[in-house]
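*Asks:* Handing you this structure, nothing more for now.
The values are calculated or read from the model by the stated rules, or taken from the named source; none is laboratory data. Remember, it's a predicted structure, so these values are computed and weren't measured experimentally. Virtual Cβ from ideal backbone geometry, glycine too; neighbours counted across all protein chains shown. Quick note on the areas: whole protein, heavy atoms, side chains included, nothing else; ligands and nucleic acids left out. Shrake-Rupley method; radii C 1.70, N 1.55, O 1.52, S 1.80 Å.
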Amino acid sequence: MSQTTFSGKRNAGLLSVENRRKATWALFLLPALLIYLTFMAVPLFDSLRLSLYTGQGYTPTQFVGFQNYIDLFTNPLWREKFFGAVRHTFIFFGIHMLVQNSLGLLFANLLSSNFKGRNFFRTIIFTPATLSVLVVGFLWTLILNPNWGAVNKILIGVGLREWALPWLGRESLALPVISLTSVWQWVGMPTVMFLAGLMGISDELLEAARMDGASEWDLFWKIKLPLLKPIIGIVAILTFVDNFNAFDVIYAMAGAKGEPSYSTDLLATLFYRTGIAGEHPVGIPNMGMGAAIAAVTFFILMSGVLLWLYLSRRGAEEA
């Protein structure tokens with residue numbers, strides 16, 4: 001047998017093994033792909049299709065093209081509530097981004113130190129994230145009750161009666177208070193992610209910086225924070241996506257209408273009232289308009305994610 005023939009058979013055998021390996025990976029991925037297509041991709045495209053129709057109930061049949069989108073942005077009946085929900089959603093996200101993630105970074109930096117009882121504090125910080133959002137919402141609604149809630153009772157007891165306010169009854173207070181309640185529950189998530197990043201930083205690098213006279217403040221700003229930039233980006237995009245889909249905490253603490261006077265209304269609650277529950281007093285779902293609201297929310301999310309990917313890639317290329 002010639003050397004050329006032997007090499008050809010050997011290459012064919014290697015290709016056969018590689019093809020079998022690829023086929024095996026495809027079989028492993030197939031169930032996940034089918035689940036994704038069934039529960040994610042198909043509903044998404046069907047929602048985009050429904051946004052081009054109108055009619056009462058859950059099966060709109062009258063094709064209207066982009067009229068639902070035009071009404072959403074121009075019709076006074078929809079425009080005010082829609083842009084109000086967009087504004088409130090950005091405020092909700094902004095509070096989580098600034099307060100939750102900043103506290104998460106602070107807690108992670110403290111918990112990365114070696115001190116007695118740090119495992120206990122790690123557990124305490126993460127425990128609220130294991131609770132049901134509805135349970136947390138109802139619990140804090142009771143705590144913030146203006147008449148007999150614990151917060152106002154404590155404030156009155158320490159002589160701060162003027163600070164005993166209807167926390168969920170004022171339009172200027174309700175959204176920040178609910179946002180901070182959500183921050184209290186979920187601050188453990190960025191804490192865990194930042195802590196994992198800090199634990200991955202080499203101790204030798206930190207010790208070398210300390211030997212050169214760097215303070216703990218210098219270590220954080222000049223070494224730890226720059227090395228955490230990839231994780232900060234991931235936490236930011238997860239916060240963005242999660243908060244633009246927020247519904248349950250608002251529903252638990254302010255109802256589907258975002259009381260008082262729609263001051264806590266988010267895109268998710270607006271979609272729920274429009275496309276599923278039906279707006280009071282009619283109470284008839286408008287699935288076409290609800291699908292249009294969902295589609296706009298999706299495009300906002302997609303724009304934010306694509307912007308983050310672009311900025312992160314450009315930053316990596318510059319580095």
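*Asks:* By how many nm would the segment from residue 114 to residue 202 grow when fully extended, if each residue of separation counts as 0.36 nm and the alpha-carbon distance is taken off? Don't skip to the end; give the middle numbers.
*Replies:* Numbers: separation 88, 0.36 × 88 = 31.68 nm, distance 1.48 nm.
Stretched out fully, the residue 114 to residue 202 stretch lengthens by 30.2 nm.
*Asks:* Give the ranking of 126, 39 by solvent-accessible surface, highest area first, calculated with a 1.4 Å probe.
*Replies:* Details: 126 75, 39 145 Å².
Output order, biggest surface exposure first: 39, 126.
*Asks:* With the full set of protein chains in place, find how many percent of the accessible area of the chain is carbon and sulfur; take the probe as 1.4 Å.
*Replies:* The value for the chain is 68 percent carbon and sulfur by accessible area.
*Asks:* So if R0 is 22 Å, what FRET efficiency would residue 64 and residue 301 give, r being the distance between their Cβ atoms, rounded to the nearest 0.05?
*Replies:* Between residue 64 and residue 301 the formula returns 0.35.
*Asks:* Helix hunt in the chain: which complete DSSP H runs extend at least 30 Å axially by C-alpha with mean Kyte-Doolittle at least -1.0?
*Replies:* Helices passing the filter in the chain: 3-36, 287-318.
*Asks:* Hey, another quick one. I'd like to know which of 215, 182, 141 lies farthest towards the positive end of the charge dipole of the range 114-231, counting +1 on Cβ of Lys and Arg and -1 on Cβ of Asp and Glu.
*Replies:* Highest projection toward the positive end goes to 141.
*Asks:* Let me ask something else about it. Kindly provide the helix-only [θ] at 222 nm of the chain, computed as the sum of -39,500 (n - 2.57) over DSSP H runs of four or more divided by all residues, to the nearest 500 deg cm²/dmol?
*Replies:* Counting only the DSSP helices, I get -21000 deg cm²/dmol.
*Asks:* Next up: In terms of the Cα gyration tensor, with a ≥ b ≥ c the square roots of its eigenvalues, is the chain rounded because a/c is under 1.5, prolate because a/b exceeds b/c, or oblate? Please report the intermediate quantities before stating the final value.
*Replies:* Working: a/c = 2.42, a/b = 1.14, b/c = 2.11.
Oblate, because a/c is 1.5 or more while a/b does not exceed b/c.
*Asks:* Highest mean first, what order results for 268-279, 167-178 on Cβ atoms within 10 Å?
*Replies:* 268-279, 167-178
*Asks:* Calculate I(q)/I(0) for the range 197-270 by the Debye formula, one identical point scatterer on each C-alpha and no solvent, and give its log10 at q = 0.15, 0.19, 0.20 Å⁻¹ to two decimals.
*Replies:* -0.64, -0.76, -0.81
*Asks:* Which one of 91, 156, 35 has the biggest mean-square fluctuation once the chain is modelled by GNM with Cα springs under 10 Å?
*Replies:* Among 91, 156, 35, the largest mean-square fluctuation in the Gaussian network model of the chain belongs to 35.
*Asks:* For the chain: lysine pairs with Cα atoms under 29 Å, gap of 8 or more or different chains, count?
*Replies:* Details: 9/22; 81/257; 116/222; 116/224; 116/229; 153/257.
Eligible lysine pairs with Cα atoms under 29 Å apart amount to 6.
*Asks:* Next question, about the same structure. Using only Cα atoms, locate the centre of the range 67-124 and the centre of the range 219-296, then give the distance between them in Å, rounded to an integer.
*Replies:* Each part's Cα centre sits 9 Å from the other's.
*Asks:* Using the basic label-point model (7 angstrom from Cα toward the beta carbon), what is the residue 170 to residue 310 distance in nanometres?
*Replies:* About 4.1 nm, to one decimal.
*Asks:* Between 308, 184, 217, find the one with the highest GNM mean-square fluctuation for the chain; connect C-alpha pairs within less than 10 Å.
*Replies:* Taking springs between Cα atoms under 10 Å, the residue moving most is 217.
*Asks:* Work from the charge dipole of the chain (Cβ charges, +1 for Lys and Arg, -1 for Asp and Glu, about the Cα centre) and give the residue of 90, 103, 192 farthest towards its positive end.
*Replies:* 192
*Asks:* Test of the criteria: in the range 55-123, which trypsin sites (Lys or Arg not before Pro) are in a DSSP loop and have at most 14 other Cβ atoms within 10 angstrom of their Cβ?
*Replies:* Loop-located and lightly packed - 116.
*Asks:* Length gain on complete extension for the stretch residue 42 to residue 163, per 0.36 nm per residue less the alpha carbon to alpha carbon distance?
*Replies:* My answer for the length gained is 38.5 nm.
*Asks:* Please report, in debye to the nearest 20, how large the charge dipole of the range 131-280 is about its Cα centre when each Lys and Arg carries +1 at its beta carbon and each Asp and Glu carries -1 there.
*Replies:* 380 debye
*Asks:* Compute a Gaussian network model of the chain, connecting alpha carbons closer than 10 Å, and tell me which residue from 262, 36, 251 fluctuates the most.
*Replies:* Result: 36 has the largest fluctuation of those listed.
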